């Protein structure tokens, strides 16, 4: 009996080792073999226990398996993380523990799922931050710091000040303590993440390093061009008496090596031919070669080489930088403009930092259209005859193709749309700053359009998009040009009405984030007309979308509280009228929300106190005090245990749950008083 048991145990061990070897080569097949042999069950918890307990597993295979999007794989990831405890650990210590059992996969989507689950588990164990979003963002930042600090490919290392600056405002709008972030920086730079005893730089969370200023971009592009031309001359000199040896490529991986060897001389040759020759057929072939090269280089993520080709192409359009004169275009320059549009439409998912020169080229093309139509003045360097010649040429560029770049932005990948939005905002700022008195609004209009087109993006991506757009809208609304400020605020109103058509789930803060710009503008603008328009737009939003505002009530009350202390009587009165309508018509719905009702009540009370303390309101401050007492009574009544009226998780104001307005007016005649 003992001998038989020993043999069975040995056979079982052999099967397990075979399954582990197969898993290390092909993860899913290895799991199937282990399940069929009865060593593990086909459940997420059983597989997760197996990953935790077995040290012979290849850590890369574990990471790749848990990063897959299949339901079983995601279930294994969630069970794997839930089996870990992060109590009494700092976030970098928890992340170090989390990453000690597997290698992070290289795909951004896989890393994203892992970081989301880690953030949820860490906050559940420690309650360290305002919400899981903070842990999620900080975890990504720590991974990028680890890569920066311990990768030999990174020459210029991130400083502590840069790390602190990158993580400002991530704790639900507040800063984490500098000592806390500084401690993380010191520990990560002193010792990188280790997997199974070996130090390894974790992959970054996607996204390319963005170019800063156009001068730097041009300098780098020029340096690449100079290098390419030098290599071309050197090759010509040394190959005169040398017979080349050619090999037939049979693997796709060979393409990268061929590109690394040939991209520079090809670019130098194509650029020289396009610049010197007037033959339309040859120039067309050269342009198509440049476009094809950009596509191939983009697919292989050869970013600096791609940027060099894009810089060469956009320079060849002869569209000068904003603020300079427009030179006379030739037919081959117009063909180059068409090629830029083609690149934007076909290689958008891989352009990265190259979106900046591409979008600048499109913006300058719009400027030429405006000059041609007489809607924009020409610069002193623009000669009338040159304008007329250019007008006839640029009509060849199909404006519908340009429009499709923006209307099809919803088809861009999650990573690409963030790059696209960031650089579009940068070009919009250039348009505005180039002539503050009469700025162009081409990119500003396109920003509004693409915001409409991309509202259905997933939470993480939309949050990144809106964080960029929000800052841009706020900057324009607080800028020196009043007409442009009005345009920005009205655009935010239109977008808010569209966005607030969607319900907000419990514990999320989408609505709050979307309404932040109104709060910010009212609090920081020094122009009475701007603040007045912001309050009027907020009034329209509240009256149209009260049922779906939910977390956005916080920003609404904060904006009104700031307005209550304004020195302008008209601003105080206008905001007071809105508060009366909110209290009279929507207060029962606000406090009836289980997720935000209590917070909404407190914010409303603080807001009413601000109006009650404002002596400029006269008798209306007495009505504010009356509203205070009535709101408190309503809130206390709704909080009684005997109250059988259920609270709704959905946005307040559903028809079936709406109370009789005639029976619940905390401030009778608030609107008449206004």
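The values are calculated or read from the model by the stated rules, or taken from the named source; none is laboratory data. Because the structure is a prediction, the values reported are computed rather than measured. Neighbour counts are summed over all protein chains in view; Cβ atoms, including those assigned to glycine, are modelled from backbone coordinates with ideal geometry.
Between residues in the stretch 433-454 that are over 18 Å from residue 474 (Cα atoms) and outside the structural domain of residue 359 (by TED's automatic domain parsing) and residues that are surrounded by fewer than 16 Cβ atoms within 10 Å (Cβ to Cβ) and modelled with pLDDT of 90 or more, which pairs lie under 8 Å by C-beta distance while being six or more apart or on different chains?
Sorted first by the residue in the stretch 433-454, then by its partner, the pairs are 453/407; 453/410; 454/410.
Please find, among 570, 668, 662, 600, the residue that is more than 24 Å from residue 551 (Cβ to Cβ) and modelled with pLDDT of 60 or more.
Working: 668 fails: modelled with pLDDT of 60 or more; 662 fails: modelled with pLDDT of 60 or more; 600 fails: more than 24 Å from residue 551 (Cβ to Cβ).
Being more than 24 Å from residue 551 (Cβ to Cβ) and modelled with pLDDT of 60 or more holds for just one of 570, 668, 662, 600, which is 570.
Criterion first (in a helix (DSSP H, G or I), without any contact (Cβ under 8 Å) to a residue 24 or more places away in the chain and either within 30 Å of residue 127 (Cβ to Cβ) or over 34 Å from the mean Cα position of the chain (by Cα) (or both)) does residue 74 satisfy it?
Against the criterion (in a helix (DSSP H, G or I), without any contact (Cβ under 8 Å) to a residue 24 or more places away in the chain and either within 30 Å of residue 127 (Cβ to Cβ) or over 34 Å from the mean Cα position of the chain (by Cα) (or both)), residue 74 does not qualify.
Answer with yes or no whether residue 139 is buried (at least 19 other Cβ atoms within 10 Å of the Cβ) and either within 18 Å of the chain's Cα centre (by Cα) or modelled with pLDDT under 85 (or both).
Details: buried (at least 19 other Cβ atoms within 10 Å of the Cβ): yes; either within 18 Å of the chain's Cα centre (by Cα) or modelled with pLDDT under 85 (or both): yes.
For residue 139, the condition - buried (at least 19 other Cβ atoms within 10 Å of the Cβ) and either within 18 Å of the chain's Cα centre (by Cα) or modelled with pLDDT under 85 (or both) - is met.
Are any residues in the stretch 105-119 within 18 Å of residue 82 (Cβ to Cβ) and in contact (Cβ under 8 Å) with a residue 24 or more places away in the chain, and if so, which ones? So that I can check it myself, show each step before the final result.
Kept after step one, since they are within 18 Å of residue 82 (Cβ to Cβ), are these residues of the stretch 105-119: 113-119.
Correct list: 113, 114, 115, 116, 117, 118.
Is there a residue being modelled with pLDDT of 85 or more, assigned by TED's automatic domain parsing to the domain that holds residue 553 and more than 23 Å from residue 567 (Cα to Cα) anywhere in the stretch 611-623?
Within the stretch 611-623, none of the residues are modelled with pLDDT of 85 or more, assigned by TED's automatic domain parsing to the domain that holds residue 553 and more than 23 Å from residue 567 (Cα to Cα).
Give all pairs with beta carbons closer than 8 Å in which a residue from the stretch 608-623 that is without any contact (Cβ under 8 Å) to a residue 24 or more places away in the chain meets a residue that is not in a helix (DSSP H, G or I); count only pairs at least 6 apart in sequence or on separate chains.
Here the result reads 621/613; 621/614, each pair linking the stretch 608-623 to a residue that is not in a helix (DSSP H, G or I).
Filter the stretch 475-490 for residues that are surrounded by fewer than 21 Cβ atoms within 10 Å (Cβ to Cβ), touching a residue at least 12 places away in the same chain (Cβ under 8 Å) and not in a loop (DSSP other than H, G, I, E, B) and give the result.
Residues satisfying the conditions are 475, 482, 484, 486, 487, 490.
Looking at 276, 320, 303, can you tell me which residue is more than 33 Å from the chain's Cα centre (by Cα) and at pLDDT below 90?
None of the others qualify; the one that does is 276.
For residue 90, work out the one condition from (1) over 17 Å from residue 52 (Cβ atoms); (2) in contact with a helix residue (DSSP H, G or I) (Cβ under 6 Å, 6 or more places away or on another chain) it doesn't fulfil.
(2)
Could you please find all residues in the stretch 50-66 being part of a helix (DSSP H, G or I) and either on the phi > 0 side of the Ramachandran plot or free of Cβ contacts under 8 Å to residues at least 60 places away in the same chain (or both)? Walk me through it before giving the result.
Kept after step one, since they are part of a helix (DSSP H, G or I), are these residues of the stretch 50-66: 50-53, 59-66.
Listed by number, the residues that qualify are 50, 51, 52, 53, 60, 61, 62, 63, 64, 65, 66.
Give the residue, chosen from 568, 584, 606, 614, that is over 36 Å from the mean Cα position of the chain (by Cα), surrounded by fewer than 22 Cβ atoms within 10 Å (Cβ to Cβ) and closer than 20 Å to residue 520 by Cβ.
Answer to the selection: 568.
Can residue 463 be described as outside any helix (DSSP H, G or I), at pLDDT below 90 and outside the structural domain of residue 355 (by TED's automatic domain parsing)?
In short, no.
Across the stretch 80-96, what is the total count of residues that are loosely packed, with under 15 Cβ neighbours inside 10 Å and part of a loop (DSSP other than H, G, I, E, B)?
We begin by selecting, within the stretch 80-96, every residue loosely packed, with under 15 Cβ neighbours inside 10 Å; these are 83, 85, 87-88, 93.
Remaining after also requiring part of a loop (DSSP other than H, G, I, E, B): 83, 85, 87-88.
Of the residues in the stretch 80-96, 4 are loosely packed, with under 15 Cβ neighbours inside 10 Å and part of a loop (DSSP other than H, G, I, E, B).
Do we find that residue 638 is modelled with pLDDT under 85, more than 43 Å from the chain's Cα centre (by Cα) and either closer than 20 Å to residue 591 by Cα or surrounded by 15 or more Cβ atoms within 10 Å (Cβ to Cβ) (or both) in this structure? If you could, list the steps in order and put the result at the bottom.
Working: modelled with pLDDT under 85: yes; more than 43 Å from the chain's Cα centre (by Cα): no; either closer than 20 Å to residue 591 by Cα or surrounded by 15 or more Cβ atoms within 10 Å (Cβ to Cβ) (or both): yes.
For residue 638, the condition - modelled with pLDDT under 85, more than 43 Å from the chain's Cα centre (by Cα) and either closer than 20 Å to residue 591 by Cα or surrounded by 15 or more Cβ atoms within 10 Å (Cβ to Cβ) (or both) - is not met.
Name the single residue that is modelled with the lowest pLDDT among those in the stretch 546-565 being more than 16 Å from residue 516 (Cα to Cα) and surrounded by fewer than 21 Cβ atoms within 10 Å (Cβ to Cβ).
Step by step, filter the stretch 546-565, then rank; the result is 547.
Checking residue 433 against (1) modelled with pLDDT of 90 or more; (2) surrounded by fewer than 16 Cβ atoms within 10 Å (Cβ to Cβ); (3) part of a helix (DSSP H, G or I), which test does it fail?
(1)
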